[in-house]
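Enquirer: Take this structure, written in structure tokens, and hold onto it; I'll ask about it next.
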Amino acid sequence: MTRNLYFLLYLLATITPINAIPHKLDKRTTVFGQCSLTPALPTFQVTVSPDPVVAGKLATYNFSGTAQTDFPNDMEIFIMFNDTESTLDGGDFCNIPGNPACPIKRGTSFNRLFSSVQIPEDLPASHTETVLFIQADSVTSTIACAVATVS
């Protein structure tokens with residue numbers, strides 16, 4: 001009887017710490033949301049791979065959503081990394097593979113895959129990524145914006 005009791009106590013003492021060890025790993029994910037600009041700009045979904053981006057490596061961005069305003073033929077994409085003061089000119093939105101063809105009318109769903117984006121070498125682990133859709137002939141004409149803070 002005593003031997004069974006000792007065995008039971010030993011078994012419970014062994015199992016209890018195992019349940020206390022965290023077994024679910026939390027993956028850092030980059031979540032893009034609406035920019036805090038006035039007036040508020042339309043936003044869109046952004047996913048990035050690898051997630052989070054790695055300094056000095058290539059990344060792929062996917063932009064999708066429903067156009068809240070008309071997207072003109074000369075719309076450009078800018079990706080900014082605020083903590084390195086680096087701006088990557090993504091180029092002509094309409095030349096990036098995806099659908100539908102430009103111009104895109106308000107209320108139309110869109111999807112663009114922007115691959116081979118070179119991430120700055122000096123990008124810290126904690127940073128802010130901002131993606132802007134801008135009309136090419138007017139730097140002040142921002143059409144949509146999405147921002148993410150990676151910490």
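Enquirer: Scan the stretch 96-106 for residues that are at negative phi, surrounded by 11 or more Cβ atoms within 10 Å (Cβ to Cβ) and outside any loop (DSSP other than H, G, I, E, B) and jot them down.
Expert: 104
Yes/no per residue for (1) surrounded by fewer than 19 Cβ atoms within 10 Å (Cβ to Cβ); (2) at pLDDT 85 or above; (3) assigned to a strand (DSSP E or B):
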{"position": "42", "(1), (2), (3)": "yes, yes, no"}
{"position": "46", "(1), (2), (3)": "no, yes, yes"}
{"position": "83", "(1), (2), (3)": "yes, no, no"}
{"position": "89", "(1), (2), (3)": "yes, no, yes"}
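Enquirer: Considering only residues of the stretch 26-40 that are at pLDDT 85 or above and either hydrophobic (A, V, I, L, M, F, W, C) or surrounded by 15 or more Cβ atoms within 10 Å (Cβ to Cβ) (or both), which is farthest from the chain's Cα centre (by Cα)?
Expert: Among residues in the stretch 26-40 that are at pLDDT 85 or above and either hydrophobic (A, V, I, L, M, F, W, C) or surrounded by 15 or more Cβ atoms within 10 Å (Cβ to Cβ) (or both), the one farthest from the chain's Cα centre (by Cα) is 35.
The values are calculated or read from the model by the stated rules, or taken from the named source; none is laboratory data. Since the model is a prediction, treat every value here as computed from it, not as a measurement. Don't worry about glycine lacking a Cβ; one is built from the backbone with ideal geometry, like all the others, and counts go over all protein chains shown.
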